[in-house]
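S.K.: Sharing a structure with you now.
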Amino acid sequence: MTAPGAAGRCPPTTWLGPWLLLACFLVSRTITQEVSEHCSNMIGNGHLEVLQQLIDSQMETSCQIAFEFVDREQLSDPVCYLKKAFFLVQDIMEDTMRFKDNTPNALTIVQLQELSLSLKSCFTTDYGEHDKACVRTFYETPLQLLEKIKNVFNETKNLLTKDWNIFSKNCNNSFAKCSSQGHERQYVGPSDPLLPGFVFHLLVPSIILVLLAVGGLLFYRRRRRSHQEPQTVDSSREQPEGSPLTQEEDRQMELPV
């Protein structure tokens, strides 16, 4: 016999389950939409503009700096290239791109670093992102380095706008295809970025010493030549012994009076 009031009653989980599932679905959908909008609109045109201002404010110079970056010849996949470059750009902004504190350029770097930290939620992590595969050492000017960084942000912005989830792609296979000697493969350039300056400081004193030596030798020869010319003139004026004039005088002296 059924207890009074027991008929038709269900355990709490029986009617709570569907509502909990629906609530979880709505919450997850809301979170997904927020992440989608968050990643798609993370990089704005303003970020690219401040990067261009940073590039325009640099002094043009032929001096080169060494930095590690993705070798696009080894990693041609655009998504995997940007996943690898994303972490390298963070290292470069922290270790290489240094400006005086509280200057416009320093504040721009801080702004870009904050943007990179926010972008991490749009990238899934692959085991090869932090190793040296597909990476080589570049020797380029500061302007060329900044152009590389701007291209990374610009290409990342374009891909996220098309597909906010595009960087969830697994790139382990692409990273594994890179040569194990990718880190040792370097651009044919100076073995030391400071080498041209060292050679310049070494050659200039050597050239000056050579010029001084040549000038001193020419001055010595000219002085010696000018010293010998008066002696030649004086000796030409003196008649040598046995000349016709001397013999004629001797004959006149021997004639009897």
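The values are calculated or read from the model by the stated rules, or taken from the named source; none is laboratory data. Since we're looking at a predicted model, the values are computed, not measured. Here Cβ is always computed from backbone atoms with ideal geometry, including for glycine, and neighbour counts include all displayed protein chains.
S.K.: Tally time: how many residues in the range 139-167 are farther than 18 Å from Glu94 by Cα and of a type in the set (Val, Ile, Thr)?
M.R.: Of the residues in that region, 3 qualify.
S.K.: Restrict the check to the range 68-79 and report whether at least one residue is assigned by TED's automatic domain parsing to the domain that holds Tyr139, charged (D, E, K, R), under 15 Å from Asn151 (Cβ atoms) and in contact with a Phe, Trp or Tyr (Cβ under 8 Å, 6 or more places away or on another chain).
M.R.: Yes, that holds for at least one residue.
S.K.: Quick check on my filter: what residues within the range 123-159 are in contact with a helix residue (DSSP H, G or I) (Cβ under 8 Å, 6 or more places away or on another chain), farther than 29 Å from Thr61 by Cα and either among the polar types (S, T, N, Q) or at pLDDT 95 or above (or both)?
M.R.: Thr124, Lys157, Leu159
S.K.: Right, something else. Taking Lys120 and the conditions (1) part of a helix (DSSP H, G or I); (2) among the basic types (Lys, Arg); (3) surrounded by 13 or more Cβ atoms within 10 Å (Cβ to Cβ), which numbered condition does it fall short on, given that it satisfies the others?
M.R.: Against the list (1) part of a helix (DSSP H, G or I); (2) among the basic types (Lys, Arg); (3) surrounded by 13 or more Cβ atoms within 10 Å (Cβ to Cβ), Lys120 comes up short only on (3).
S.K.: Do we have any residue at all in the range 80-92 that's more than 25 Å from Trp164 (Cβ to Cβ), modelled with pLDDT of 90 or more, among the β-branched types (Val, Ile, Thr) and in the same structural domain as Phe167 (by TED's automatic domain parsing)?
M.R.: Yes: one or more hits.
S.K.: What are the pairs, 6+ residues apart or on separate chains, where a residue within the range 75-95 that is of a type in the set (Asp, Glu) has its Cβ under 6 Å from a residue that is outside any loop (DSSP other than H, G, I, E, B)?
M.R.: Here the result reads Asp77/Ser174, each pair linking the range 75-95 to a residue that is outside any loop (DSSP other than H, G, I, E, B).
S.K.: Ok, one more. Tell me yes or no: at least one residue of the range 108-116 is assigned to a loop (DSSP other than H, G, I, E, B) and loosely packed, with under 14 Cβ neighbours inside 10 Å.
M.R.: Scanning the range 108-116 turns up no residue that is assigned to a loop (DSSP other than H, G, I, E, B) and loosely packed, with under 14 Cβ neighbours inside 10 Å.
S.K.: Tell me, yes or no, whether the range 133-143 has at least one residue that is within 22 Å of the chain's Cα centre (by Cα) and assigned to a helix (DSSP H, G or I).
M.R.: yes
S.K.: Now for a separate question. I need a count of the residues in the range 160-179 that are within 14 Å of Lys84 (Cβ to Cβ) and touching a Leu at 6+ places or on another chain (Cβ under 8 Å).
M.R.: 4
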